[in-house]
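The values are calculated or read from the model by the stated rules, or taken from the named source; none is laboratory data. Source: prediction; values computed, not measured. Every residue, glycine among them, receives a Cβ derived from its backbone with ideal geometry; neighbour counts consider all protein chains shown. Remember, those area values only see protein heavy atoms, side chains included, never the ligands or the DNA or RNA. Shrake-Rupley method; radii C 1.70, N 1.55, O 1.52, S 1.80 Å.
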Amino acid sequence: MGKLEYKYKKKKWFREFKSKVLKVHHEYYDKTISEIFNFDSNTYIFCITIYDVVDNNQVNNLVKNIYELKKCKDFKIEVNYRKKGIKNINYIKPEFDHTGHGIFAKVQFLNDNLISSVDMDWSQINNEEAIIEYEIRFKKEIKNFSEIHEFIIENYKQLNKVKYSEFYFNIEHFLNDDSQNIQIELKYFRTLLQQKLHKILSSNYSKKYLLPIKYTYLIDKKTDSVMKYIKEPFLEESFIIDKEQYLIINSIEDYEGIEISEIIFKKQFNPISMTVLMSKLRMTLYYKMFYEIEKQELEFKISKYLNSKKFFINFWDYKWLLNKKRRLNEKRFYNINTNYVYNVKGFSDKELKLADDELVKNILEVYNENIEYINNLNLINYNIIAFVISIVALIISIIVIFI
């Protein structure tokens with residue numbers, strides 16, 4: 001499929017989905033969040049948190065973007081760092097025996113119908129990168145699906161502009177299927193929240209991929225149906241923080257970061273901070289959250305040399321791969337302390353762990369295999385170039401002799 005045909009089909013889908021689905025009243029628009037999930041206890045969305053990874057240059061640009069919001073009457077900002085002048089500031093520095101975490105900034109939305117503020121925390125995960133956490137707070141807890149639907153309608157024009165927004169070729173399959181439409185609207189809700197952040201706080205992967213996300217749900221009672229969902233999640237993993245707080249992780253989606261559901265039964269609580277966990281678990285938790293994104297990045301930068309006639313290696317692609325390996329080999333960051341601040345244990349399976357050492361080991365092997373292949377390819381290139389130069393030199397010397 002060519003680019004023009006792709007763009008046409010995408011535009012057609014969003015036009016038809018709006019006119020034939022969103023503009024038509026469906027029963028699920030009148031349902032509460034608890035009814036959408038088939039829970040027999042009141043359920044609310046308290047906040048939604050999105051995660052991205054940044055290097056020092058991107059942190060400088062992010063701080064600059066936050067200061068630019070001061071000029072806009074729609075926002076009020078609090079930022080803990082000064083912006084750069086002519087030269088970049090070294091926000092991310094080598095840390096030899098620990099990684100820290102802290103508050104980065106806060107952006108208040110003064111005129112938005114749904115969003116109240118975005119609280120930004122961050123944690124360094126290696127000598128060059130940090131995780132940024134965007135915790136989106138709402139004007140009030142989201143109780144009804146209609147609030148999500150209205151947000152989608154209000155911001156719908158943005159979907160066609162987003163590179164990673166999901167679409168399908170045939171609208172007819174969705175006209176009478178409420179369950180599919182609910183899933184699509186939830187995905188568009190996630191996409192539009194990220195796009196709203198990207199427009200004002202552009203970081204690293206926010207334009208290219210659907211980033212890792214955490215939904216924080218408040219549920220009134222620990223009923224049997226709710227606990228069954230936590231104990232036996234379909235194709236997901238669940239973890240227990242304590243008897244009133246759980247995490248459910250969905251990492252089966254392709255081309256995007258993982259989706260985390262945080263379920264809280266407490267009346268007084270703080271949502272779990274993944275940046276605090278990241279400061280303890282570092283690269284092992286990073287690759288659990290960003291695995292699909294990193295896999296796509298590897299395919300984009302390296303697979304073109306494996307599956308095509310490309311013969312010469314782009315220097316920046318090769319450097320990117322070497323840096324990926326080096327960051328995993330930074331032992332002070334890789335050798336984690338499993339006695340982290342939150343005692344997170346497997347719930348659906350007692351053997352589950354947030355720190356997946358085997359995953360990191362396998363990823364490192366993939367990087368090593370690709371580096372070995374590129375080194376061999378470079379060696380062949382050098383030999384060919386040397387052979388060609390020697391032939392050219394021989395031809396020139398023969399010509400000189402007979403002149």
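Summary table
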| read-out | value |
| --- | --- |
| Part-to-part distance (alpha-carbon centres) for the range 388-403 and the range 75-139, which is given in Å | 63 |
| Choice from 102, 85, 257 with maximal GNM fluctuation in the chain (Cα, 10 Å cutoff) | 85 |
| Angstrom value of the Kirkwood radius, inverse mean 1/r, which spans all Cα pairs in the range 166-316 | 18.3 |
| Counting all C-alpha pairs of the range 228-312, share separated by more than 21 Å (%) | 46 |
| The chain: angle of helix 357-402 to the longest principal axis, Cα-based, in degrees nearest 10 | 30 |
| Accessible surface ranking that places the most exposed of 216, 32 first, with a 1.4 angstrom probe | 32, 216 |
| Other-chain or far-sequence residues with amide H under 5 Å of residue 116's (modelled H) | 137, 138, 139 |
| Cleavage-rule hits, chymotrypsin sites (Phe, Trp or Tyr not before Pro), the range 235-328, DSSP coil, Cβ neighbours within 10 Å at most 14 | 255, 269, 311, 312 |
| Of 277, 402, 343, farthest towards positive along the dipole that unit charges on Lys, Arg, Asp, Glu beta carbons give the chain | 402 |
| Residue-wise HN-Hα coupling along the range 318-328, computed from phi with Karplus coefficients 6.51, -1.76, 1.60 (Hz; x: Gly, Pro) | 5, 5, 4, 5, 4, 5, 4, 5, 4, 5, 6 |
| Gyration tensor (alpha-carbon) shape descriptor, the range 1-140, a/c threshold 1.5 | prolate |
| Cα gyration tensor, the range 9-67 - rounded (a/c under 1.5), prolate or oblate | oblate |
| Most fluctuating residue given options 57, 376, 38, as computed from a GNM of the chain linking Cα atoms under 10 Å | 376 |
| For the chain, built as a Gaussian network whose Cα springs stay under 10 Å, the top-fluctuating residue of 58, 194, 268 | 268 |
| In Hz, Karplus ³J(HN,Hα) per residue of the range 218-232 (6.51, -1.76, 1.60; θ = phi - 60°; x = Gly, Pro) | 9, 10, 5, 10, 8, 7, 4, 5, 5, 5, 5, 4, 6, 6, 10 |
| The chain: angle of helix 56-68 to the longest principal axis, Cα-based, in degrees nearest 10 | 50 |
| Cα pair distances in the chain, grouped into 10 Å bins until the bin that holds the longest one, percent each | 4, 19, 27, 25, 14, 5, 3, 2, 1, 0 |
| Using θ = phi - 60° and Karplus 6.51 cos²θ - 1.76 cosθ + 1.60, couplings along the range 171-188 (whole Hz; Gly, Pro as x) | 6, 4, 5, 10, 5, 10, 10, 5, 4, 5, 5, 4, 4, 5, 5, 5, 5, 5 |
